[in-house]
Amino acid sequence: MKLSIRTIVRILLALLLGTAAFGLFNNIFGVIGRPLLAGATQVVDTGETLRFVIVAPQYDHPYWEQVRRGAVAMGAKVGVHVDFYGPRRASIDEQAQLLDQATMAQVDGIITQGVHDPQIDQAIDKAVNRGIPVITVDTDSPGPRLAYVGSDNYTAGQRAAQDLLKRLTGPAVIGIIRGNLGPEQADDRVRGFRDALADVPDVRIAAVETSDLTRTAAGQQALKIRQEHPDVNVFYGTTALDAVGVVQSLTTEGMEGRLMVIGWDDVGEAAELAGRGFIDSVVHQVPEEMGSRAVTLMEAYLRRDLRPQPINFLPVQLRGGVEAK
């Protein structure tokens, strides 16, 4: 059958429009992100593939890379496609926008960090109201999420303080660098730490500053605290990059190893510095297991209507210095 030139043109236009629409769908998220199951092997055939999206507070972060890794590995086992997105720099505004975009794309499930902030609460509300379940990991949110998967941050903060007390040989003046983007009073890692030290003589917290999840800001805030409170002899950082920034700041002053540093998460540079003894104690979490467990619970809920427990705590350990490898 001979096709007319007009018919051929129409077929070509249809193919071009289809390709453009497919590209638009795959790039609907305006901040950096990537599909992560391309090329995955041995995906279990469990029927229609589900699409989950992880919205991290920051894209290029060693801790969230482990969350992603665990989620993708489990997704490959149970037939779930997992995408990963996050702002270039930690930003509640951009995290909320990404959550809204995931909702507009009508994904099957969303996994994100809980933050005590109205924008994040509203974004989670929108998703849930459209029938998209949300699981929070690492830190929880007061919104109507399906479940929380992560550490008991308050208790772990208390354990970090108790570990500090075991190591002290005299009075302690403490500077805290926190990476949580929410208000301090909602930061369980700081609250647990504070409460465990509240009645301890000769131990006081001199200042609390926020790093916005960057090592550079953490270092700058550590320097600020030392300038305003030169008697500070202990730093407590509530994320991996906070402790790294503190050590880098102390190194520029030639003070590395002379102040005590308590941190969270022995991943990336933090693991290296802890292994060399520059971080004295670290709260060891299991971010890879968080990602894996979140996918497991979401998949079971959507395919088999198995509603998870609202709180799913995973174990933490306190590791000291060279043990944290």
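The values are calculated or read from the model by the stated rules, or taken from the named source; none is laboratory data. In this text, all values refer to a predicted model and were calculated from it rather than measured experimentally. All Cβ positions, glycine included, derive from the backbone under ideal geometry; neighbour counts span all protein chains shown.
Mind listing whichever residues of segment 38-50 are surrounded by fewer than 18 Cβ atoms within 10 Å (Cβ to Cβ) and either modelled with pLDDT of 90 or more or in the same structural domain as THR239 (by TED's automatic domain parsing) (or both)? Quick ask: steps written out before the conclusion?
Going through segment 38-50, the residues surrounded by fewer than 18 Cβ atoms within 10 Å (Cβ to Cβ) turn out to be 38-49.
Result: THR49, single match.
What's the number of the only condition in (1) under 22 Å from ALA186 (Cα atoms); (2) out of contact with any strand residue (DSSP E or B) (no Cβ under 9 Å at 6 or more places or on another chain); (3) at pLDDT 95 or above; (4) of a type in the set (S, T, N, Q) that GLN66 fails to meet?
(1)
Considering only residues that are of a type in the set (Gly, Ala, Ser), outside any loop (DSSP other than H, G, I, E, B) and closer than 18 Å to PRO62 by Cβ, which ones fall in segment 75-109? I'd like the intermediate steps shown before the answer.
Step one: filter segment 75-109 for residues of a type in the set (Gly, Ala, Ser), giving 75-76, 79, 86, 90-91, 96, 102, 105, 109.
Of the ones still in play, those that are also outside any loop (DSSP other than H, G, I, E, B) are 75-76, 96, 102, 109.
Of everything in segment 75-109, nothing turns out to be of a type in the set (Gly, Ala, Ser), outside any loop (DSSP other than H, G, I, E, B) and closer than 18 Å to PRO62 by Cβ.
Which of the residues spanning segment 185-216 are part of a strand (DSSP E or B) and within 17 Å of the chain's Cα centre (by Cα)? First the steps, then the outcome.
Taking segment 185-216 and keeping what is part of a strand (DSSP E or B), we get 203-210.
THR210 - this is the single residue of segment 185-216 that is part of a strand (DSSP E or B) and within 17 Å of the chain's Cα centre (by Cα).
Is there a residue being more than 20 Å from GLU269 (Cβ to Cβ), small (Gly, Ala, Ser) and modelled with pLDDT under 95 anywhere in segment 155-169? Full working, then the answer.
From segment 155-169, those more than 20 Å from GLU269 (Cβ to Cβ) are 155-159, 161-169; that's our starting set.
In the following step, the residues that additionally are small (Gly, Ala, Ser) were identified as 156-157, 161.
Filter again for modelled with pLDDT under 95, leaving none.
No, there is no match, as no residue in segment 155-169 is more than 20 Å from GLU269 (Cβ to Cβ), small (Gly, Ala, Ser) and modelled with pLDDT under 95.
Looking only at segment 193-223, filter to residues that are at pLDDT 95 or above and acidic (Asp, Glu); which one of those is surrounded by the fewest Cβ atoms within 10 Å (Cβ to Cβ)?
Looking at the filtered set, the residue picked out is ASP202.
Can you name the condition, by its number, that GLY254 falls short on among (1) out of contact with any helix residue (DSSP H, G or I) (no Cβ under 9 Å at 6 or more places or on another chain); (2) crowded, with 19+ Cβ neighbours inside 10 Å; (3) outside any helix (DSSP H, G or I)?
Going through (1) out of contact with any helix residue (DSSP H, G or I) (no Cβ under 9 Å at 6 or more places or on another chain); (2) crowded, with 19+ Cβ neighbours inside 10 Å; (3) outside any helix (DSSP H, G or I) one by one, GLY254 breaks only (2).
Of the residues in segment 97-121, how many are at pLDDT below 95 and either over 19 Å from LEU213 (Cα atoms) or of a type in the set (A, V, I, L, M, F, W, C) (or both)?
Qualifying residue count for the region: 4.
Six or more apart or on different chains, Cβ atoms under 6 Å: show the pairs whose first residue is in segment 55-78 and aromatic (Phe, Trp, Tyr) and whose second is part of a helix (DSSP H, G or I).
What qualifies is TYR63/ALA240; TYR63/PRO287.
Anything in segment 71-92 that is of a type in the set (D, E, K, R) and at pLDDT 95 or above? List them, or say none. Step through it out loud before you land on a result.
Of all residues in segment 71-92, those of a type in the set (D, E, K, R) come to 77, 83, 88-89.
Once the filter is applied, which keeps residues that are of a type in the set (D, E, K, R) and at pLDDT 95 or above, segment 71-92 yields LYS77, ASP83.
Could you please give the count of residues in segment 110-131 that are outside any helix (DSSP H, G or I) and surrounded by fewer than 21 Cβ atoms within 10 Å (Cβ to Cβ)?
Of all residues in segment 110-131, those outside any helix (DSSP H, G or I) come to 110-117, 130-131.
Imposing the further condition that a residue be surrounded by fewer than 21 Cβ atoms within 10 Å (Cβ to Cβ) reduces the set to 116-117, 130-131.
Adding up the residues that qualify gives 4.
Could you grab me the full set of residues in segment 49-76 that are polar (S, T, N, Q) and more than 17 Å from ALA102 (Cβ to Cβ)? I'd like the intermediate steps shown before the answer.
In the first step, residues of segment 49-76 are kept if they are polar (S, T, N, Q); the result is 49, 58, 66.
Correct list: GLN66 only.
Yes or no, residue by residue, for (1) touching a residue at least 40 places away in the same chain (Cβ under 8 Å); (2) in the same structural domain as LEU302 (by TED's automatic domain parsing):
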{"residue": "ALA147", "(1), (2)": "yes, yes"}
{"residue": "LEU164", "(1), (2)": "yes, no"}
{"residue": "GLY170", "(1), (2)": "no, no"}
{"residue": "GLU184", "(1), (2)": "no, no"}
{"residue": "ALA196", "(1), (2)": "no, no"}
{"residue": "LEU250", "(1), (2)": "no, no"}
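Just checking, does segment 207-219 include any residue being hydrophobic (A, V, I, L, M, F, W, C), without any contact (Cβ under 8 Å) to a residue 24 or more places away in the chain and in the same structural domain as LEU273 (by TED's automatic domain parsing)?
no
Of the residues that sit in segment 224-251 and are in contact with a Leu (Cβ under 8 Å, 6 or more places away or on another chain) and surrounded by fewer than 24 Cβ atoms within 10 Å (Cβ to Cβ), which one is nearest to ALA161 (Cα to Cα)?
VAL234
Residues of segment 216-241 being under 18 Å from GLY257 (Cβ atoms) and of a type in the set (Lys, Arg), which ones?
The answer is ARG226, and nothing else.
ARG293: outside any loop (DSSP other than H, G, I, E, B), in contact with a strand residue (DSSP E or B) (Cβ under 6 Å, 6 or more places away or on another chain) and at pLDDT below 90, yes or no?
When the stated conditions are applied, ARG293 does not pass them.
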